[in-house]
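What follows is a set of notes on a single structure, which appears directly below.
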Amino acid sequence: MDKFLLLSETVRSSWERIGKPARVLCAFSGGADSSALLLLLCRLRSDTPQFPQIIAAHVNHHLRAASDQDAALARAQCDKLSVPFYLADVYPASSSEEAARRARYDALYRIASEQNCDVIALAHHLHDQSETVLMRLMRGSVDGLKGMAEFTPAPDRTPLWRPLLGTDPAIFREGLSQLDLSWTEDETNADPAYLRNYVRHQVLPAMRKRSPQLDAHILNTAQALRDESDLISSLADAFLSDHASLLPPCPFLDAQAFAQLHPALRRRVIRSMLGAFCLTDDVMFTHIGACASIRDQGTVNLPHGFRLQHHGKRIHLLLPDVSPLPIDRPEVLPYAPGLSNGVDYQSVPQALYRNTCLRYRQPGDYICPFGMQGQKSLQDYLTDRKVDRPFRDHLPLLCRGSEVLWVIGVGASETLRAGDDPDQNILLHYSGRLIMQPAYHTTKEL
């Protein structure tokens, strides 16, 4: 029991290390691991005046005959500990590990948000870390060897907190037994059909016989790789800030700058780019390798309908579902000679501007290119100006009927040439985002 009670200090130190969150949601299955975590949190709540409020959330997956009974026992345990209890009933799309996991985390995130919790406490321990590393390695996951982190922040979700990640789970059962406290057992945890159970009951025991310190080695390796990953991620972020746009509808990388990077940094840049669109969980190392070595005019198919395409100067991430952006109305300024550039500033005869509209391209559009005689189709004009295909449907146009007067961000029509009388001209300033320019923000910041 002494070892178990000492874990209170482990939890307290971890809580202080992550910033002393004021309100904690404990993911509580009623099993030995989560029972130990909830008990330790409650002990610290009693012993530490400033320790946070604690609530418990139990997720009933309805995949086992005993799931309702387990939920009732979990509620009873929380009542004894005077911990507010919240039950989430979920119905995963299948009985697979991944479907159950996603449904469970979605429920926990929802409850945490509804209850204004600062963190979600999870009872992951030393053996869970080993299992996770090996499972991800077996699946070819890019981040496999990093394992789980003590604290996992998320821009738009409640952070995850694992205060017992370095603890041998045998201590949990010993401590609960000595305190005469019960817990539930999930019989599916012994089913080798699930990958985690296969790793837990067959792979890791054999490895521990050869290497008794295996779990500690995996834990230390994962932490070292996480530290190195943080460093290379900062370099990738710096690259993206200068040479990329991660904003829909047309995220892209500067191809020349990307090609000059070290292969390891190219892979991390790709991972960061895909992570901005929540693709990292389903992307394998083979995907990352293919993306990192993409060549001119090459294409890499990615999960969920995403594609990476190399268009010479830029490498585009093509999104499966793209909604057109609203077009900002240009600001009308007094005419000033020499400021018009056809990109974000353009002079316009005042009388002509009254009959224009802003829209995206349509069939039959044409333009009279500035400085040239005659007209050409908008399609040919964009090809001549070497505008990448992914941009073409998303360039805002100033039009008069089917005549395109200004392709904002690209160039203008000869029709807009300023007249001799300055008072008959105006200057338009487009202050909206120009999609062909680098703009490093994640989709979560939109």
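The values are calculated or read from the model by the stated rules, or taken from the named source; none is laboratory data. This structure is a prediction, so every number in the text was calculated from the model and none was measured. Cβ atoms come from the backbone with ideal geometry, glycine included; neighbour counts cover every protein chain shown. Calculation scope for accessible area: heavy atoms of the full protein, side chains included, ligands and nucleic acids excluded. Shrake-Rupley method; radii C 1.70, N 1.55, O 1.52, S 1.80 Å.
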Extension gain, D420 back to K209 (0.36 nm per residue minus Cα-Cα distance, nm) | 67.0 nm
Trypsin sites (Lys or Arg not before Pro) within region 367-446: DSSP coil, no more than 10 neighbouring Cβ in 10 Å = K386
Dimensions of region 71-177 along principal axes (Cα, Å, largest first)?
-> 42, 35, 29
Evaluate the Kirkwood expression for the hydrodynamic radius of region 326-446, namely the inverse of the mean inverse distance over all pairs of different C-alpha atoms, and round to one decimal in Å.
-> 14.9
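Suppose a student asked you for the relative contact order of region 1-65, using Cα pairs under 8 Å spaced at least 6 residues apart; what percent would you report? Walk me through the intermediate numbers first.
Numbers: 58 pairs, mean separation 24.3, N = 65.
Across region 1-65, relative contact order equals 37 percent.
In square nanometres and to one decimal, what's the mean projected area of the convex hull around the Cα atoms of region 149-214?
Reported value for the Cα convex hull: 6.8 nm².
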Residues in region 384-413, backbone N under 16 Å from the label point at L333 (7 Å along the Cα-to-beta-carbon vector): list them, ranges by number please.
-> 409
Roughly speaking, what is the centre-to-centre gap between region 53-74 and region 382-410 when only Cα atoms are used, to the nearest Å?
-> 57
In deg cm²/dmol, rounded to 500, what helix-only [θ] at 222 nm does the chain give when every DSSP H run of at least 4 residues adds -39500 (n - 2.57) and the total is split over its residues?
-> -11500 deg cm²/dmol
Environment charge of L318, counting only residues whose C-beta is closer than 15 Å and scoring Lys/Arg +1, Asp/Glu -1 = +1
Pick out, from P326, G175, N301, the residue whose Cα sits farthest towards the positive end of the charge dipole of the chain, with +1 on the Cβ of Lys and Arg and -1 on the Cβ of Asp and Glu.
-> N301
Place a +1 charge on the Cβ of each Lys and Arg in the chain and a -1 charge on the Cβ of each Asp and Glu, then give the dipole magnitude about the Cα centre in debye, rounded to the nearest 20.
-> 640
Here FRET efficiency (C-beta to C-beta, S431 to D282, R₀ 35 Å, nearest 0.05) is 0.40
The chain - percent relative contact order, Cα under 8 Å, separation 6 or more = 13
The chain: DSSP helices with Cα axial extent of at least 30 Å and average Kyte-Doolittle hydropathy no lower than -0.5 | 214-243
Could you tell me whether region 307-348 comes out rounded, prolate or oblate from its Cα gyration tensor? Rule is a ≥ b ≥ c as square roots of the eigenvalues, rounded for a/c under 1.5, then prolate if a/b exceeds b/c, otherwise oblate.
-> oblate
How high is the FRET efficiency from T10 to A257, r the C-beta distance, R0 45 Å, rounded to 0.05?
-> 0.50
For region 45-157, give the magnitude of the charge dipole about the Cα centre (Cβ charges: +1 Lys/Arg, -1 Asp/Glu; no others), in debye to the nearest 20.
-> 120
Using a simple charge model, +1 on the beta-carbon of Lys and Arg, -1 on the beta-carbon of Asp and Glu, nothing else, what dipole does region 1-60 show about its Cα centre, in debye to the nearest 20?
-> 160
What's the percent breakdown of Cα-Cα distances in region 21-93 across 10 Å bins, shortest bin first?
-> 20, 51, 23, 6, 0
Run the 1.4 Å probe and let me know the accessible area of H394, rounded to the nearest 10 Å².
-> 30
Could you give log10 I(q)/I(0) at q = 0.10, 0.11 Å⁻¹ for the chain, computed by the Debye formula over C-alpha point scatterers of equal weight, without solvent?
-> -0.84, -0.93
Kindly flag which residue pairs out of K146/K386; K3/K209; K146/K313 have an alpha-carbon separation exceeding 32 Å in this structure.
-> K146/K386; K146/K313
Using +1 at the Cβ of each Lys and Arg and -1 at the Cβ of each Asp and Glu in the chain, identify which of H125, S35, L6 lies farthest towards the dipole's positive end.
-> H125
How about region 104-213: which trypsin sites (Lys or Arg not before Pro) there are in a DSSP loop, with at most 13 other Cβ atoms within 10 Å of their Cβ?
-> none
Once you have the Cα-Cα distance between D227 and E185, take 0.36 nm times their residue separation minus that, and quote the gain in nm to one decimal.
-> 11.6 nm
With all protein chains modelled, accessible area of L325 [1.4 Å, Å²] = 60
For region 190-256, shape from the Cα gyration tensor axes a ≥ b ≥ c, cut at a/c of 1.5 then a/b versus b/c, turns out oblate
Cα lying deepest toward the dipole's positive end in region 180-233, options A190, L219, M207, charges on Cβ | M207
Among bridges DSSP assigns within the chain, what percent are antiparallel (round to 5)?
-> 65
Where Lys and Arg each count +1 and Asp and Glu each count -1, what net charge lies around L261 among other residues with Cβ under 10 Å from its Cβ?
-> +3
Applying 1/(1 + (r/R0)^6) with R0 = 25 Å to the Cβ-Cβ distance of L137 and S293, what FRET efficiency is obtained, to the nearest 0.05?
-> 0.70
What do you get for Rg/Rh of region 142-274 when both radii come from the Cα atoms and Rh is the Kirkwood radius?
-> 1.10
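Taking only the Cα atoms of region 237-325, how large is their convex hull per residue, in Å³?
For region 237-325, the hull spanned by Cα atoms encloses 91 Å³ per residue.
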At 7 Å along the Cα-to-beta-carbon direction for both A238 and N355, put a label point, then send me their distance in nm to one decimal.
-> 5.5
